[in-house]
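Student: This is the structure I have questions about; it appears just below.
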């Protein structure tokens with residue numbers, strides 16, 4: 001696993017300490033996702049990486065120019081992997097790691113995010129509800145884009161609160177659904 005583009009391009013990232021601890025987004029999925037975000041002219045100024053795992057999605061955003069990224073991961077072993085990956089890429093000063101469940105993090109975080117990246121375990125039935133709560137909170141502003149990685153077998157919801165499904169990217173067993181604000185926010189075509 002490596003950083004695809006930007007200032008940390010080519011740097012290798014640590015993976016999960018044990019097989020089965022996490023399912024990091026593949027290089028191909030990250031590359032397709034950030035190409036789609038670029039086409040949507042996504043604002044990377046303040047990023048939230050929910051269900052962060054190794055931190056690969058948030059680190060990719062930082063490498064591509066994000067000013068700040070908060071990482072939320074409940075598994076303590078994985079939070080150490082995130083911290084090590086931030087050290088390896090030099091992004092420690094532009095980030096904070098929250099070792100708490102996503103639902104609890106929503107109560108601790110305060111400023112709005114321009115980009116939310118969520119890669120929950122595919123079997124986590126509560127993840128969509130957490131994202132709906134986030135979408136209805138002050139953590140999501142009029143320019144926020146919300147990204148949900150999920151199993152390609154699962155049909156994405158058409159809406160996530162006030163955010164509309166804009167694109168769906170499929171790569172192997174993974175799919176990425178991109179939700180944008182209604183008219184007036186970023187646009188990018190039909191899903």
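Student: Any idea which of 49, 124, 43, 70 is touching a strand residue (DSSP E or B) at 6+ places or on another chain (Cβ under 9 Å) and part of a loop (DSSP other than H, G, I, E, B)?
Tutor: 43
Student: Inside segment 88-99, can you point out the residues that are surrounded by fewer than 15 Cβ atoms within 10 Å (Cβ to Cβ) and either part of a loop (DSSP other than H, G, I, E, B) or free of Cβ contacts under 8 Å to residues at least 24 places away in the same chain (or both)?
Tutor: 90, 92, 93
Student: Taking residue 109 as meeting all but one of (1) buried (at least 22 other Cβ atoms within 10 Å of the Cβ); (2) in contact (Cβ under 8 Å) with a residue 60 or more places away in the chain; (3) under 22 Å from residue 181 (Cα atoms), write down the number of the exception.
Tutor: It is condition (1) that residue 109 fails.
Student: In addition: Among the numbered conditions (1) under 24 Å from residue 107 (Cβ atoms); (2) touching a residue at least 60 places away in the same chain (Cβ under 8 Å); (3) not in a loop (DSSP other than H, G, I, E, B), tell me where residue 85 comes up short.
Tutor: Only one criterion is unmet by residue 85, namely (1).
Student: Just to be sure, is residue 180 touching a strand residue (DSSP E or B) at 6+ places or on another chain (Cβ under 8 Å) and buried (at least 20 other Cβ atoms within 10 Å of the Cβ)?
Tutor: Numbers: touching a strand residue (DSSP E or B) at 6+ places or on another chain (Cβ under 8 Å): yes; buried (at least 20 other Cβ atoms within 10 Å of the Cβ): yes.
Judged against the criteria, residue 180 is a match.
Student: Restricting the search to segment 52-67, which residues are crowded, with 24+ Cβ neighbours inside 10 Å and assigned to a helix (DSSP H, G or I)?
Tutor: Answer for segment 52-67, where residues must be crowded, with 24+ Cβ neighbours inside 10 Å and assigned to a helix (DSSP H, G or I): 56, 57, 58, 59, 60, 61, 62.
Student: Counting just the residues of segment 154-180 that are modelled with pLDDT under 90 and in a loop (DSSP other than H, G, I, E, B), which one comes out nearest to residue 112 (Cα to Cα)?
Tutor: 161
Student: Continuing with this model, one more query. So if I check each of 117, 62, which one is more than 25 Å from residue 151 (Cβ to Cβ), in contact (Cβ under 8 Å) with a residue 12 or more places away in the chain and touching a strand residue (DSSP E or B) at 6+ places or on another chain (Cβ under 7 Å)? Even if it seems obvious, please write down each step before you answer.
Tutor: Working: 117 fails: more than 25 Å from residue 151 (Cβ to Cβ).
Among 117, 62, only 62 is more than 25 Å from residue 151 (Cβ to Cβ), in contact (Cβ under 8 Å) with a residue 12 or more places away in the chain and touching a strand residue (DSSP E or B) at 6+ places or on another chain (Cβ under 7 Å).
Student: If you check 19, 9, which single one turns out to be over 23 Å from residue 166 (Cα atoms), touching a strand residue (DSSP E or B) at 6+ places or on another chain (Cβ under 9 Å), surrounded by fewer than 16 Cβ atoms within 10 Å (Cβ to Cβ) and modelled with pLDDT under 95? Full working, then the answer.
Tutor: On the way: 19 fails: touching a strand residue (DSSP E or B) at 6+ places or on another chain (Cβ under 9 Å).
Answer to the selection: 9.
Student: Can I ask one more? Can you name the residue in segment 140-160 that is in contact (Cβ under 8 Å) with a residue 60 or more places away in the chain and either closer than 22 Å to residue 75 by Cβ or exposed (fewer than 13 other Cβ atoms within 10 Å of the Cβ) (or both) and is also nearest to the chain's Cα centre (by Cα) among such residues?
Tutor: Within segment 140-160, the first condition is being in contact (Cβ under 8 Å) with a residue 60 or more places away in the chain, and the residues that meet it are 143, 145, 147, 149.
From what's left, either closer than 22 Å to residue 75 by Cβ or exposed (fewer than 13 other Cβ atoms within 10 Å of the Cβ) (or both): 147, 149.
On the way: 147: 6, 149: 8 Å.
Among those that are in contact (Cβ under 8 Å) with a residue 60 or more places away in the chain and either closer than 22 Å to residue 75 by Cβ or exposed (fewer than 13 other Cβ atoms within 10 Å of the Cβ) (or both), it is 147.
Student: While we're here: Output the qualifying pairs, or none if there are none: Cβ atoms under 8 angstrom, residues six or more apart or on different chains, first residue in segment 169-181 and in contact (Cβ under 8 Å) with a residue 12 or more places away in the chain and at negative phi, second residue crowded, with 21+ Cβ neighbours inside 10 Å and assigned to a loop (DSSP other than H, G, I, E, B).
Tutor: 174/25
The values are calculated or read from the model by the stated rules, or taken from the named source; none is laboratory data. Because the structure is predicted, anything quoted here is derived from the model rather than measured. Methodologically, a virtual Cβ is constructed for each residue, glycine included, from the backbone with ideal geometry; neighbour enumeration extends over all protein chains shown.
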